[in-house]
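The next block holds one structure in the form of structure tokens; read it before the comments.
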Amino acid sequence: MEMTSSERARPTREAVEYLRAALRDAGVALPSLGVDPVTAATGEPFALVELGRCNVRTAVRLADALRGAGGAS
């Protein structure tokens, strides 16, 4: 039985929410973060995550958060 586009997009939606929460905890908001609607409608097993665009301040906060995460082991 073939999965519907909604069923294929569900793991991606869950990943988006997981990422959104982690970014929020790091003080970063990506306004365009979401499920890519084109790949969600195809026969691919998983839709892609659309990270979208952000301003320079957000890009720097994201880089700082990633650098901080790398040194937290």
Report summary line: In a Gaussian network model of the chain with springs linking alpha carbons closer than 10 Å, the residue among Arg13, Arg57, Arg24 that fluctuates most is Arg57
Query - Whole-Hz couplings from phi, Karplus 6.51/-1.76/1.60, listed for the range 38-53; x for Gly and Pro - result: 5, 6, 5, 8, 8, x, 4, x, 9, 6, 7, 8, 9, 7, x, 9
Report task. Scan around Glu50 for amide H atoms under 5 Å from its own, H built in the peptide plane at 1.01 Å from N, and keep only partners 5 or more places away or cross-chain. Result -> Gly34, Val35, Asp36
Requested in this report: Can you tell me the dipole magnitude for the range 5-70 around its Cα centre, using point charges on the Cβ only (Lys, Arg +1; Asp, Glu -1), in Debye to the nearest 20?
Outcome: 260 debye
Query - Helix 5-25 vs. the chain, principal-axis angle (Cα, 0 to 90°, nearest 10) - result: 10 degrees
Query raised in the report: Where does the chain land at 222 nm, in deg cm²/dmol rounded to the nearest 500, when only DSSP H runs of n ≥ 4 count, each adding -39500 (n - 2.57), divided by all residues?
Result: -17500 deg cm²/dmol
Report task. Hey, could you get me the Stokes-Einstein D for the chain, Kirkwood radius over alpha-carbon pairs, 4 °C and 1.567 mPa s, rounded to whole µm² s⁻¹? Result -> 97 µm²/s
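Each value in this text was obtained by applying a stated rule to the coordinates, not by laboratory testing. Owing to the predicted nature of the structure, the values given are computational and were not obtained by experimental measurement. Note: ideal-geometry Cβ built from the backbone for every residue, glycine included; neighbour counts use all protein chains shown.
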